[in-house]
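None of the figures in this text is laboratory data; all of them are computed from the coordinates on show. Just so it is clear, the structure is predicted and the values come from calculations on it, not from any experiment. In this analysis, Cβ positions are derived from the backbone assuming ideal geometry, glycine residues included, and neighbour counts consider all displayed protein chains.
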């Protein structure tokens, strides 16, 4: 199970991601979130982005499924990061923005529609959801983790199926040095 990998490798994962430069993607997302609004950082990992959102004046809620990453992210951000899974999300119209960077890629393909529905329900009207998953059309295992890759069209269809208006989808290269992964990114708005 993927969460076991993150519990066992939390410090090395933290170290390899906490300084990754995600500023351009965060800026693109925040153009759609009201200033000082509430932002959910789902699957927050190191807490890098939760900290950036908090430092920018947003009201941040963050969670991760790995208890070890929750501990590290809480220390890094100064937030009380929640230990929970996507299946435990039950917020209703709560957030002006949701950030799901490189976390949904561990959701099994058959579970994506339900998971996307949970995210859509958590968004307030007019809220924006920014997400990224690895580009492709396969499901693969690597180092004890399962990865579900998606195409731009698949991501677009998943977002529309839960009633969101897709504002943009685009591809980016991995920002971490020495990585050749391609990422599918999207911003969707709740009507």
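For 80, 38, what's the fewest-to-most ordering of other Cβ within 10 Å of each Cβ?
Working: 80 9, 38 18.
Exposure proxy ranking, most exposed first: 80, 38.
Counted by neighbouring Cβ atoms within 10 Å, the residues 18, 67, 81 run from fewest to most as 67, 18, 81.
With Kirkwood's inverse mean 1/r over C-alpha pairs for Rh, give me the Rg to Rh ratio of the chain, two decimals please. It would help to have the intermediate numbers written out before the result.
Working: Rg = 15.1 Å, Rh = 16.4 Å.
Ratio of gyration radius to Kirkwood radius for the chain: 0.92.
Between residue 172 and residue 142, what is 0.36 nm times their sequence separation minus the Cα-Cα distance? Round to one decimal in nm. Can you show the working numbers first?
Numbers: separation 30, 0.36 × 30 = 10.80 nm, distance 2.14 nm.
Going from the current span to full extension adds 8.7 nm.
What ranking do 30, 131, 159 get, fewest neighbouring Cβ atoms within 10 angstrom at the top?
Working: 30 20, 131 28, 159 23.
In increasing order of surrounding Cβ atoms, one gets 30, 159, 131.
Distance in nm between label sites at residue 19 and residue 88, each 7 Å beyond Cα in the beta-carbon direction? Roughly 3.2 nm, to one decimal.
Can you give the helix-only mean residue ellipticity at 222 nm for the chain, where every DSSP H stretch with n ≥ 4 adds -39500 (n - 2.57) and the sum goes over all residues, rounded to the nearest 500 deg cm²/dmol?
Numbers: 7 runs with 63 residues, N = 191.
After summing the helix terms and dividing by the residues of the chain, the value is -9500 deg cm²/dmol.
Using 1/(1 + (r/R0)^6) with R0 = 30 angstrom and r between the beta carbons of residue 108 and residue 56, what's the FRET efficiency to the nearest 0.05?
0.35
Each DSSP beta bridge with both residues in the range 2-189 is either parallel or antiparallel, and the antiparallel ones are about 55%.
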